[in-house]
Amino acid sequence: MAERKNLCYNCFQEKPETDGPCPYCGFDLAENEKKFPVALRAGTVLNGRYIIGRVLGQGGFGITYLAWDTKLEARVAVKEFMPNEIATRVGTTVSVA
């Protein structure tokens, strides 16, 4: 699956519209981004293989994402080590205390 502009970052199906909830699963990216402002942006590609999707959860030691593995063509979980007491992200810049 190539990265697509209209990709739903929950079910990873191509949506007919870029804005608004996914017509297939109802996921609304805007709500997820508001709830987790420090997280990587949905659509970020890691290691040329994993397309980051929605945030599954955030805790004291990091952030867990739903992602699409382009090699396996399957949904996977990706954990980012990001201890909230010593690290923060503003845009694409990570700062460590």
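Only the Cβ atoms of Lys and Arg (+1) and of Asp and Glu (-1) were treated as charged; on that basis the dipole of the chain about its Cα centre amounts to roughly 160 debye.
In this simple spin-label approximation, residue 85 and residue 6 carry label points 7 Å from Cα along the Cα→Cβ vector, and these lie 4.7 nm apart.
Per-residue 3J(HN,Hα) values for the range 7-19, derived from phi via the Karplus relation 6.51 cos²θ - 1.76 cosθ + 1.60 with θ = phi - 60°, read 6, 7, 8, 10, 9, 6, 9, 6, 8, x, 10, 7, 9 Hz in sequence order (x marks Gly and Pro). From helices alone, the chain scores -2000 deg cm²/dmol at 222 nm; the rule is -39500 (n - 2.57) for each run of n ≥ 4 DSSP H residues, then divide by the residue total. Ranking 11, 32, 74 by Cα position along the charge dipole of the chain, where only Lys, Arg, Asp and Glu carry charges on their C-beta atoms, puts 74 farthest toward the positive end. Distances between placed amide hydrogens fall under 5 Å for residue 7 paired with 15, all partners being 5 or more residues away or on another chain.
The antiparallel fraction among DSSP beta bridges confined to the chain stands at about 100%.
Within straight cross-link reach of residue 35, meaning Cα distance under 18 Å, which aspartates and glutamates are found once same-chain residues fewer than 8 apart are removed? Cross-link targets: 19, 80. Using a 1.4 angstrom probe on heavy atoms only, work out the carbon and sulfur share of the accessible area of the chain in %. Here carbon and sulfur together make up 51 percent of the probe-accessible area.
Computed from backbone phi, the HN-Hα couplings of the range 31-36 come to 5, 5, 5, 5, 6, 10 Hz, rounded to whole numbers (Karplus: 6.51 cos²θ - 1.76 cosθ + 1.60, θ = phi - 60°; Gly and Pro given as x).
One way to sum up the overall shape of the range 1-53 is the equivalent ellipsoid from its Cα gyration tensor, whose semi-axes run 17, 16, 8 Å, largest first. Residues whose amide H falls under 5 Å from that of residue 82, counting only those 5 or more places apart or on a different chain, are 62, 63, with hydrogens built in the peptide plane.
The values are calculated or read from the model by the stated rules, or taken from the named source; none is laboratory data. Everything numeric in this text was worked out from a predicted model, so none of it was measured. Neighbour counts are summed over all protein chains in view; Cβ atoms, including those assigned to glycine, are modelled from backbone coordinates with ideal geometry. The protein model used for the area step is the full one, side chains on, heavy atoms only, and it has no ligands, DNA or RNA in it. Shrake-Rupley method; radii C 1.70, N 1.55, O 1.52, S 1.80 Å.
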